[in-house]
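Enquirer: Pasting a structure below so you can have a look.
The values are calculated or read from the model by the stated rules, or taken from the named source; none is laboratory data. Note that the structure is predicted; figures quoted are calculated from it, not measured. For neighbour counting, all protein chains shown are included, and Cβ atoms are generated from backbone atoms with ideal geometry for every residue, glycine included.
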Amino acid sequence: MSASVYPRHGGHRPTDSFPIPQRAAIKFFRTVAQVTIGIFLEIGWRVHFLREIMRAMSEPRTWLPLTIKQMKNIGVDSLPLAGIVAAFIGAVTAYQTVYQLFPGVQLSAVGWIVRQSVVLELGPLLTALVLAGRVGARMTAEIGTMRVTEQIDALETLAYDPIAYLVMPRTIAGLTMVPMLTILSIAIGIVFGGLTVIVATKVRMTDYTTGLRLTFIPFQVYYALIKATLFGTSIALICSYEGYVTETGAEGVGRSTARAVVISSVVILLLDALTALYLAPALAP
Amino acid sequence: MKRRDEVIVGVFVTVAIVVGVVGTLWLARRGFSKSYPMYAQFDWGNNLKTGQPVELAGVQIGSVDQVTLNPAGYLDVTMEIEKQWKIPEGTSATVQNEGFFGDKSIALHPCRRPQPTVGAEGVVPVTPGQDSTPVCRPNAFLPAGDTIPTGKPAPSMDQLLTRVDSMSGQLSLIVHSLQVELVQKNGVQDIHKTIESTNALLLELHKVAAQQSEALTMTLASIRRSAAALDSAALDTTVHNVAATTRNLQAMTAELQRTSSRLDSVVAQVQHGDGTVSKMLNDPGVYNELRTLLARMDSLTADVKANPKKYFNVKVF
């Protein structure tokens, strides 16, 4: 598969060649048509890309050996950054919450608010956004560079399926490792939140743990895992695709990388909203 | 691909899964301490939720595990009680407020402990309460899985608000009455007049007190002048003389007492003694003899007067 499969511009008769009274209307309709076609074209290319991935799943001998390396890149190597982010989020959330409580509110509310914030929202979302920057950008740059240096064409020449070779390991790694990272981030956030308020404020360990357990149902953890799985898969697919369709030159790689980070971040936020919309009612204790 | 990567990824995934499973269980099971279930039924609308604490006499011993809506008008509540705690027989369960914002917990009110043995060392006797809480039987506990009877519930926030509302209504009535009495019926003016009268009275009293004070001052000054006019030396001499007189009087009194006592003894001797005087006073024979003697003396005297020469024969030379 080459870049020519996804042409971005079609040839049209120039607007200037039409009679003047018709030009404004033609220009308007052409713009509308181009935007509409562009939207559907983008969707179509991505669906086509997904179909290619489905097809590539049938070649585990190509992608399975490479998956472990990607899992290490995405999961293990991202743990320090994700852990630092989670620790600060948990600590700051807990510390700020203590000083928002007015008299009459139990101190266990701190544990409850930290758990709800970190488990339901901050843990999965911020881990995914951090990974979109760290892992997604790297993914797009790697695949994009291979595209512009024609290594992908070389793979095709050698009868390797570039999707199975490049995209599948990253997708599987994103799908599995982002939930793992999210679990560890949540745990780190809750632990550091507790340590902070126990050491620095009048909140006691009993208050914090009581709040952590208050109205807890296991579905809250499943909810976070569902989100993390969706986010990880999105990061891998979007960033791989943007790298795969990179246009020529170093500038093209940079543009694709920036575009991948922006799109994956926006998609993560949209998916976050959608999951909340559909699954949040099930979170009621 | 290196073998080391596989090991690292394996460790990472294993740790993440263990943390996820253990953490979820820790939160869901309220820790890893062993527990047993207990049940209770409460009325609807108690705002009970999973994870809320269960307290026995104020000490947390477990938490709410499950709240099921019973169509008969109850909430069937399952509580997980930590294995180390036992619930005494006679315990009742109520839903109580935690804080001001609708937080709830289940309070288990245990039976009263038996009256301590009087005189037991280190035991402070406690006056038994007037409540109807049953007295604990020694070593009698509710079995695991039993249903704890429901006690009288604490007033809910709504009930408290209703009471506050009724109190504020009564307060507004009082304020209204005060307004009617004080404003509309010129009560304030009356109060003003009363205060003015009181002030006038106080002024009068002040004047009287001032006059009395002046008179008192004058009296004191006069007394001081009189006191100053007294000759202290003469006064001392007079006091000394009075003291000497007093001493003399004391000595004289003592002398009189002694004399009196002597007279007493003389009189006693006269009355009861055997002396001449006593016999003269007490013996009628002596009296008669004396009369006889006197009669003879009279006759003798008469005879002497009549016949002096019979008795006196004066011869000169």
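Enquirer: Mind listing just one residue for me: the one in the range B:95-117 that is touching a Pro at 6+ places or on another chain (Cβ under 7 Å) and under 14 Å from residue B:49 (Cα atoms) and, of those, modelled with the lowest pLDDT?
Expert: B:105
Enquirer: Continuing with this model, one more query. Can you confirm whether residue B:251 is part of a helix (DSSP H, G or I), among the small types (Gly, Ala, Ser) and either at pLDDT below 90 or in contact with a Gly (Cβ under 7 Å, 6 or more places away or on another chain) (or both)?
Expert: So residue B:251 does not fit the description; no.
Enquirer: Only one of A:138, A:147 is assigned to a helix (DSSP H, G or I), among the basic types (Lys, Arg) and surrounded by 24 or more Cβ atoms within 10 Å (Cβ to Cβ). Can you tell me which?
Expert: None of the other options fit; the residue is A:147.
Enquirer: What single numbered condition from (1) surrounded by 13 or more Cβ atoms within 10 Å (Cβ to Cβ); (2) over 18 Å from residue B:91 (Cβ atoms); (3) away from chain A (no Cβ under 14 Å) fails to hold for residue B:41?
Expert: Residue B:41 satisfies every listed condition except (2).
Enquirer: I would also like to ask the following. Name the residues in the range A:228-244 that are within 14 Å of chain B (Cβ to nearest Cβ) and either more than 24 Å from residue A:116 (Cα to Cα) or in contact (Cβ under 8 Å) with a residue 60 or more places away in the chain (or both), would you?
Expert: A:228, A:232
Enquirer: Another one. Could you check the range A:54-78 and list, in sequence order, the residues that are buried (at least 19 other Cβ atoms within 10 Å of the Cβ) and not polar (S, T, N, Q)?
Expert: A:56, A:63, A:68, A:71, A:72, A:74, A:75
Enquirer: Since residue A:88 meets every condition but one in (1) more than 14 Å from every other protein chain (Cβ to nearest Cβ); (2) surrounded by fewer than 19 Cβ atoms within 10 Å (Cβ to Cβ); (3) under 30 Å from residue B:28 (Cβ atoms); (4) at pLDDT below 95, which condition does it not meet?
Expert: Only one criterion in (1) more than 14 Å from every other protein chain (Cβ to nearest Cβ); (2) surrounded by fewer than 19 Cβ atoms within 10 Å (Cβ to Cβ); (3) under 30 Å from residue B:28 (Cβ atoms); (4) at pLDDT below 95 is unmet by residue A:88, namely (4).
Enquirer: Give the residues of the range B:44-74 that are more than 8 Å from chain A (Cβ to nearest Cβ) and assigned to a loop (DSSP other than H, G, I, E, B), sorted by residue number.
Expert: B:44, B:45, B:46, B:47, B:48, B:57, B:58, B:71, B:72, B:73
Enquirer: Also, I was wondering about something else. Restricting to the range A:91-134, give me the number of residues that are of a type in the set (Lys, Arg) and under 21 Å from the mean Cα position of the chain (by Cα).
Expert: 1
Enquirer: Sticking with this one: Name the residue that is farthest from the other protein chains (Cβ to nearest Cβ), counting only residues in the range A:15-52 that are of a type in the set (D, E, K, R) and under 23 Å from the mean Cα position of the chain (by Cα).
Expert: The extreme case among them is A:42.
Enquirer: May I pose another question? Contact list please: Cβ distance under 6 Å, first residue in the range A:155-179 and crowded, with 20+ Cβ neighbours inside 10 Å, second residue part of a loop (DSSP other than H, G, I, E, B), pairs at least six apart or on different chains.
Expert: Correct list of pairs: A:164/A:59.
Enquirer: Evaluate the following for residue B:15: is it within 30 Å of residue A:82 (Cβ to Cβ) and touching a helix residue (DSSP H, G or I) at 6+ places or on another chain (Cβ under 9 Å)?
Expert: yes
Enquirer: State all residues of the range A:91-135 that are among the small types (Gly, Ala, Ser), crowded, with 19+ Cβ neighbours inside 10 Å and within 13 Å of chain B (Cβ to nearest Cβ); if no residue qualifies, say none.
Expert: Correct list: A:108, A:109, A:111, A:123.
Enquirer: Let me ask something else. When you go through B:56, B:75 one by one, which is the residue that is within 19 Å of residue B:144 (Cβ to Cβ) and crowded, with 17+ Cβ neighbours inside 10 Å?
Expert: Testing whether each residue is within 19 Å of residue B:144 (Cβ to Cβ) and crowded, with 17+ Cβ neighbours inside 10 Å leaves just B:56.
Enquirer: For the range A:53-77, which residues satisfy the criterion of being more than 10 Å from chain B (Cβ to nearest Cβ) and of a type in the set (Asp, Glu)?
Expert: Passing the criteria: only A:59.
Enquirer: For the range A:197-285, which helices (runs of 4 or more DSSP H) that fit wholly inside it have 1 or more residues that are in contact with a helix residue (DSSP H, G or I) (Cβ under 7 Å, 6 or more places away or on another chain) and at positive phi?
Expert: In the range A:197-285, the matching helices (runs of 4 or more DSSP H) lie at A:249-279.
Enquirer: Sticking with this structure for a sec: Pairs please, first residue from the range B:275-297 and part of a helix (DSSP H, G or I), second anywhere and of a type in the set (Phe, Trp, Tyr) and surrounded by 12 or more Cβ atoms within 10 Å (Cβ to Cβ), Cβ atoms under 8 Å, 6+ apart in sequence or on different chains.
Expert: Pairs that qualify, where the first residue is part of a helix (DSSP H, G or I) and the partner is of a type in the set (Phe, Trp, Tyr) and surrounded by 12 or more Cβ atoms within 10 Å (Cβ to Cβ), are B:280/B:287.
Enquirer: I'd like the full set of residues that are of a type in the set (Gly, Ala, Ser) and farther than 14 Å from residue A:221 by Cβ, limited to the range B:16-45.
Expert: The answer is B:31, B:33, B:35, B:40, B:45.
Enquirer: Could you check the range A:1-41 and list, in sequence order, the residues that are modelled with pLDDT of 75 or more and within 30 Å of residue A:159 (Cβ to Cβ)?
Expert: Across the range A:1-41, the qualifying residue is only A:41.
Enquirer: Output the qualifying pairs, or none if there are none: Cβ atoms under 8 angstrom, residues six or more apart or on different chains, first residue in the range A:200-216 and within 11 Å of chain B (Cβ to nearest Cβ), second residue surrounded by fewer than 21 Cβ atoms within 10 Å (Cβ to Cβ) and among the basic types (Lys, Arg).
Expert: Correct list of pairs: A:214/B:49; A:215/B:49.
Enquirer: Moving to a separate point now. Which is modelled with pLDDT of 85 or more, more than 7 Å from chain A (Cβ to nearest Cβ) and farther than 26 Å from residue B:150 by Cα, of B:13, B:19, B:7?
Expert: Only one candidate passes the filter, namely B:7.
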